[in-house]
Amino acid sequence: MATDNDTSGPDPDIKDAVEGYQRFRLQYERDRAFFKGLATRQQKPRLLWIGCSDSRVVPAQITNADPGELFEIRNIANCVPPSDANDDSVGAAVEYALAHLGIDDIVVCGHTGCGGIKALLEPIPPDREAHLGRWVDYTRPAHRLMDAARVPDDIRFVETVKAHVQFQLDNLMTYEIVRQGVVSGKVNVHGWLYDMEHGEILAYDPVDGVWRGLVEMHGS
Ligand SMILES: [Zn+2]
């Protein structure tokens, strides 16, 4: 990492971003009409995507979405704090998506290997990582459920991730705008899980309470 006294050249991480930007500029020139269109038209995304900050799980990549198609909330462990938790970051984006962008599908997508889900399994120093400690407390209901259900170790982690997604769907319903949308049939909420080992998405089927392949669930 480069420091203030470093005279050996640019920080390689920033250099990488600058080189990527230069490649993007070429792409921008090639697709100028598309990007100009994005700038001049109001955004009209298809989905509100609530996913993890994890750099390996890229929503636009796993849904093959173009710019303008996904309205994203990303945070550690794809959490939706309940509406009375006073976290306006998630609530504001949810309200904006539904009230101003006309979005009628909300996806909460967890993933295998999620560090945010693992975080509660180890001590978090409250003096240095107070925010992190408070945030990952939103994953506690899923961990508690695994304890109560005595889920076997070999499937415990993935089951925790799934349960956590289901709890976030419940939390979404604590937002009045979501609840009204769902009750009136105008808004649908979807619980997904991205399996990083296989590059596959599973979807929660609330009708029979099981997870199945996304294509199987929604057709192709
Ligand atoms: Zn994660």
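Using the count of nearby Cβ atoms within 10 Å as a rough guide to exposure, how do PHE35, PHE167 rank from fewest to most? Please report the intermediate quantities before stating the final value.
On the way: PHE35 16, PHE167 22.
With the fewest neighbours first, PHE35, PHE167 line up as PHE35, PHE167.
In whole angstrom, how long is each semi-axis of the equivalent ellipsoid of segment 93-153, when you take the square root of 5 times every eigenvalue of its Cα gyration tensor and sort them from largest down? Working through the eigenvalues yields semi-axes of 29, 18, 10 Å. Other residues whose C-beta falls under 15 angstrom from the C-beta of ALA142 contribute a net charge of +2, scoring Lys and Arg +1 and Asp and Glu -1.
Just order 95-105, 127-137, 20-30 by mean Cβ neighbour count inside 10 Å, highest at the front, would you?
Packing proxy ranking, top to bottom: 95-105, 127-137, 20-30.
Neighbours of LYS186 by Cβ distance under 13 Å: Lys/Arg scored +1, Asp/Glu scored -1, total -1. Note on segment 71-220: Cα-only Rg and Dmax are 15.7, 50 Å. Expressed per residue, the C-alpha convex hull volume of segment 46-89 stands at 78 Å³.
Shape analysis of segment 48-160 yields a ratio of the Cα radius of gyration to the Kirkwood radius, Rg/Rh, of 1.00. Across the options VAL215, HIS100, CYS79, the greatest Cα extent toward the positive end of the charge dipole of the chain (unit charges at beta carbon of Lys, Arg, Asp, Glu) belongs to HIS100. Relative contact order of the chain: 19 percent, from C-alpha pairs under 8 Å at least 6 residues apart in sequence. Bridges between two residues of segment 44-214, per DSSP, are antiparallel at a rate of about 30%.
Every number here is computed from the coordinates shown, using simple stated rules; none is lab data. Just so it is clear, the model here is predicted, and its values are computed rather than measured. Please note: Cβ atoms are built from the backbone with ideal geometry, for glycine as well, and neighbour counts cover all protein chains shown.
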